[in-house]
Every structure is written in C-alpha cells, then in structure tokens.
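J.: Okay, handing you the structure first.
The values are calculated or read from the model by the stated rules, or taken from the named source; none is laboratory data. Here the structure is a predicted model, which is why all the values come from computation and not from measurement. Glycine gets a Cβ as well: all are built from the backbone with ideal geometry, and neighbour counts include every protein chain shown. Heads up: the accessible areas ignore ligands, DNA and RNA and are worked out on the full protein's heavy atoms, side chains in. Shrake-Rupley method; radii C 1.70, N 1.55, O 1.52, S 1.80 Å.
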Amino acid sequence: MGYARVHSVALHGVAGEVIVVEADVAPGLPSLVVSGLPDAALSEARDRVRAAVQNSGAYWPQARITVNLLPAHMRKHGSGFDTAVAIAVLAAGAALPIGRLKGAVILGELGLDGTVRPVRGVLPAVLAASRAGKELALVPLANVTEARLVPDIEVRATDSLGRIIGFLHGSENLLDPVSEPAMETSITLDLADVLGQERGRRVIELAAAGRHHIAMFGPPGTGKTMLAARLPGVLPPLDDEESIEVTALHSIAGTLAPSGTLVRRAPLQAPHHTASVAALVGGGPGLAKPGAISLAHHGVLFLDECAEFASGVLDSLRQPLEQGQVRLRRAYGETVYPARTQLVMAANPCPCARPGGRQTCQCPSIVRRRYQARLSGPLMDRVDLQVDLDPVRSAALLGTEHVEPSAIIAKRVLEARGTAAARWGRSAKTNGDVPASMLRDGRFRLSKSVLHPLTVEMDRGRLSARGFERSVRVAWTIADLDGRERPEAADVREALELRSRSVR
Ligand SMILES: [Zn+2]
C-alpha cells in the first residue's frame, strides 16, 4: 500500500503541458478509479493498463487504487498516459522502485500484451518536457527519432512495459537505438520542367515573393498542377521555429515520415475535391487531428479542381485563412491549430474540361458562368492573383527557350521578401499580408499617375475596390522582385493584366 507519482505530457493543440500522474493504493475492495477529467479513451485505459501489467508478469495490487491526473482542470486526451499510469500504480502498490525515472516524462500507449505502442504528438510533448526542465523522455520505440529532434533532453525508448520494469529493477536496459541523421528526401520539383508557360511561371514567382494566394483557370494541359506543385520549391526554407511548428503538427496528425526528420521545406497539401470539412480544417475524436490547412502551415494548400469542392467545404477555409489559425470547437472547449498557409486554387473554365479550352468546349455560356460563379464570393476575395492560363503551344515544347530553374527564382524570392519585410515593419511580413489601411497610408500611397491604369478600370466598372487593392499589393511585389523602391505605372499595369479573369 502506498502512494507514487510520475510525469507525462498532455497536449492542448500544439502546446504541451507536463502533468502529474499520481496513484494511491489503499486497503479495500479491488477497484481502479481514474480521475482528473479523463476522456473516454482514458477511462478505457483502466482495463488496458491492468491487462498489460498482468501480461508483463507483474503483480497487480488487489486493493482500492485511485489514479489522478493533475492539473485537474486540464482536459487530457488519448491513450498516451497508459504507460505512466501503469508505472505509478506499480510504484504505489507493488513497491516498484522508480528512482531511476527521476526528472523523466513517460509517454506511450499500452497493448493488452504489455507492448508499448507509439502515440501521436510525441515531438510537441517532448518539446514541452524539455522546456519544463525535464531531463529524460521515455518514449515508445517507434517515436524515438521524432523525440530526438528536441534539443536539451535525453531520450530513451522502450518496446514493452516489461522492459521498463526490468530497467527499474536494474536487470534490463532501456533502448537507445542509433538513429542516422536522416536527410529530408522529398524530391524537389523544378520550375525548369514547365515549358512554354511564361505567364504561369511568372504568377508562381510573384505568389512566392508576395505570399499572394493564387487562382489559376485553364483547360486541362495548361500545367496548373505542375505549377502548383513547384511553388514550395521557390518558397524560402523554414526557419528553426517554423520547422518545429510544422513538424509538431504532422506529429499530432500522425503523418510524420518514419525517418522522423524535421520538416525543413515549405509543405504542400493537396486534398482531393471530395475531402470533408474535417479533412480540410481538422477534427476527430480525442486529440483532434489537424486538417490539411494546418498541415500546410508555412506552406501551400493546393485545391485542384476547386469548383468541384462542396461550397460548405470551401467556406470553412475562409476564417482560418484570415486568422492564420483554426479554432476547432469541441464538446469541452476549443482546440487551436496554426494554419498560416498560402492558397493555390486551380479550376477548369467549365464542367466539360476539354483540353482545347474555348475552341472545343460546347458548354452553353450559362453553364460556364454558373460553374465559375461557384468560385466567386468571400473566399475569392482573399485571392490576389487570379489568372487565366492558355494551353501551351506545341512549338514551345520543341523550342530551345531558356527556362530558369527554381534555385535562381528562389533566390530572387528571398531577396524580395526581405525588402517587403523591412518596409512593412511590424505591420506585415509580406505584401500579401499587408493590411489595406497600410496601402493607403501616406508613406506608401502610390501617386495618381501610377494608379491611373487601375482608376480607369474602376471607373469603367470593371474592377472592384477589392480588386483595386489586390492589384496594388501585386504591384509592390513586382517592384520588389525588380529591386525598385516603389511600383511604377508599368508594374500596376502588369498586376492588372495578371487579373485577366473576365469576372474581376
Ligand atoms: Zn465546356
């Protein structure tokens, strides 16, 4: 009979908090009560933990056992506390010495046979432990590479509860597998592969430099998908903080590569048009899974065939795009995931999607208009670059034109971003994020003659006030890329020309 406490980590969104798992074993009818706001999975842990302990050959105290998770006000999800609960119970009721786990956090789900199974979110959990001054993280073997991405904390792994018990008795060792420092191996797609699509390449470069959302329209064969897939390759690499953030989100979603490398490149997510709201913005029971928009944090969310997405699904993206984060309402409160992503939408001009575009399409104009109307509205209001792409002529594919590789474009993008960040100061990092009020501010307002091409279009009723603002943002990006201090009339004209959609 006795009392013992060990530590684990609970996640709330991407934030982790070290929690205390305490067990009290008292004389009385054999029972196990778990308290501390457990969710359903944790209640189920009672039977799982008992079976795992017994199948590990350890003695399960025949007594009244109370397990409590602190702080009590914090909601704790999932099965990641199983192992900590088992150790606390054994220490309290079966005199298991836990001195060797001083300063440690214990993570892991238990199988009925006593195996310790991997859990989601180990990276943010170990990060929280390290920040809280913990010295050791004991994690499931399958999560060890990921856990080791966190600096300043020792990481040991286990494959079974029996091994931890053996370790505490001094008869067995924890696992310390040698993990090769794996390189990120994702293949970079190069913009040099996209031949004959000058306009498309220009749009990608501008989008990367200004962090503008893009919508590309054109019949199949215009290279929309090829272009979108190459946007991450010209975006600046993630810095250390961004890299940890993105990797943590993938860790919680359970989509981290087994090599367990830090995500260093801007991620690309391309959900199918049949995707649900939950798949896009996140959800699910227990510890909510981040959706595609969060997995594309600091990267690109590509919606191919975007006119085919259910309208409710597209609408669900609007708020996260504005706020840079997703707020998932849950039965017990809110889970917040970051979602600062760059949107790339692509669509055919009409439902028939014939390769020749307008020449071969036989859809009545009303059908075409209705199809495109699906893509108007509040979401499109956020999209700075909206362009029609023409089919690539076969001559361009045979030609020997010189096309710049992504590496050169990425360099220009990086410089342009630096210029923009220095100019906007604390207001915004990129032209795409700069508030409209800033564009109208005396210091940055463009002269009448420079804005002339836009005012003409507006007076003719062909450009909305929002379209006006978006063109000004793009004009700044054009100037930044060319190394000019301020946009000129020619930049504004190009920006306008890159909004070639008939519906502006
Ligand atoms: Zn058609």
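J.: Can you pull out every residue in region 256-279 that is of a type outside the set (Gly, Ala, Ser), open to solvent by 50 Å² or more (accessible area, probe 1.4 Å) and in contact with a strand residue (DSSP E or B) (Cβ under 8 Å, 6 or more places away or on another chain)?
T.: 268, 273, 277
J.: Next question. Quick check: anything in region 243-255 open to solvent by 30 Å² or more (accessible area, probe 1.4 Å) and under 22 Å from residue 432 (Cβ atoms)?
T.: Checked region 243-255: at least one residue is open to solvent by 30 Å² or more (accessible area, probe 1.4 Å) and under 22 Å from residue 432 (Cβ atoms).
J.: Would you pick out the residues in region 53-84 that are open to solvent by 30 Å² or more (accessible area, probe 1.4 Å) and under 41 Å from the mean Cα position of the chain (by Cα)?
T.: Correct list: 54, 55, 56, 66, 68, 70, 71, 72, 73, 75.
J.: Under 7 Å by Cβ, and 6 or more places apart or on different chains, what pairs join a residue from region 480-502 that is under 11 Å from residue 454 (Cα atoms) with one that is among the charged types (D, E, K, R) and modelled with pLDDT of 95 or more?
T.: none
J.: Given the conditions (1) under 28 Å from residue 371 (Cα atoms); (2) small (Gly, Ala, Ser); (3) surrounded by fewer than 24 Cβ atoms within 10 Å (Cβ to Cβ), report the number of the one that residue 282 does not fulfil.
T.: (3)
J.: Please work out if residue 228 is touching a residue at least 40 places away in the same chain (Cβ under 8 Å) and more than 22 Å from residue 417 (Cα to Cα).
T.: no
J.: Taking the condition of being over 21 Å from residue 201 (Cα atoms) and basic (Lys, Arg), how many residues in region 403-427 meet it?
T.: 2
J.: Would you kindly identify the helices (runs of 4 or more DSSP H) lying entirely within region 289-373 that contain at least 3 residues that are away from the ligand (no atom under 12 Å from the Cβ) and more than 12 Å from the chain's Cα centre (by Cα)?
T.: Answer list for region 289-373: 311-315, 318-323.
J.: Then there is this: Any idea which of (1) open to solvent by less than 50 Å² (accessible area, probe 1.4 Å); (2) at pLDDT 90 or above is the one residue 222 doesn't satisfy?
T.: Unmet for residue 222, out of (1) open to solvent by less than 50 Å² (accessible area, probe 1.4 Å); (2) at pLDDT 90 or above: (2).
J.: Another question, then. Within region 110-167, work out how many residues are on the phi > 0 side of the Ramachandran plot and open to solvent by 20 Å² or more (accessible area, probe 1.4 Å).
T.: Adding up the residues that qualify gives 2.
J.: Please verify whether region 460-470 includes one or more residues that are part of a helix (DSSP H, G or I) and loosely packed, with under 14 Cβ neighbours inside 10 Å.
T.: Looking through region 460-470, at least one residue is part of a helix (DSSP H, G or I) and loosely packed, with under 14 Cβ neighbours inside 10 Å.
J.: Just for region 16-52: of the residues that are assigned to a loop (DSSP other than H, G, I, E, B) and under 15 Å from residue 92 (Cβ atoms), which one is most open to solvent (accessible area, probe 1.4 Å)?
T.: Looking at the filtered set, the residue picked out is 27.
J.: Any residue in region 327-347 that's basic (Lys, Arg): show its pairings with residues that are open to solvent by 10 Å² or more (accessible area, probe 1.4 Å) and part of a strand (DSSP E or B) at Cβ separation under 8 Å, as long as the two are six or more apart or on different chains.
T.: 327/334; 327/336; 340/325
J.: I've got another one for you. The conditions are (1) without any contact (Cβ under 8 Å) to a residue 60 or more places away in the chain; (2) on the phi > 0 side of the Ramachandran plot, and residue 95 fails exactly one of them. Which is it?
T.: Condition not satisfied by residue 95: (1).
J.: Just give me the residues in region 53-64 being touching a helix residue (DSSP H, G or I) at 6+ places or on another chain (Cβ under 6 Å) and not in a loop (DSSP other than H, G, I, E, B), in sequence order.
T.: 53
J.: While we're on this one: For region 245-288, what are the residues that are assigned to a helix (DSSP H, G or I) and under 11 Å from the mean Cα position of the chain (by Cα)?
T.: 245, 246, 247, 248, 249, 250, 251, 252, 253, 280, 281
J.: Looking at (1) buried (at least 19 other Cβ atoms within 10 Å of the Cβ); (2) assigned to a loop (DSSP other than H, G, I, E, B); (3) touching a Pro at 6+ places or on another chain (Cβ under 7 Å); (4) not aromatic (Phe, Trp, Tyr), which is the one condition that is false for residue 427?
T.: Condition (1) is where residue 427 drops out.
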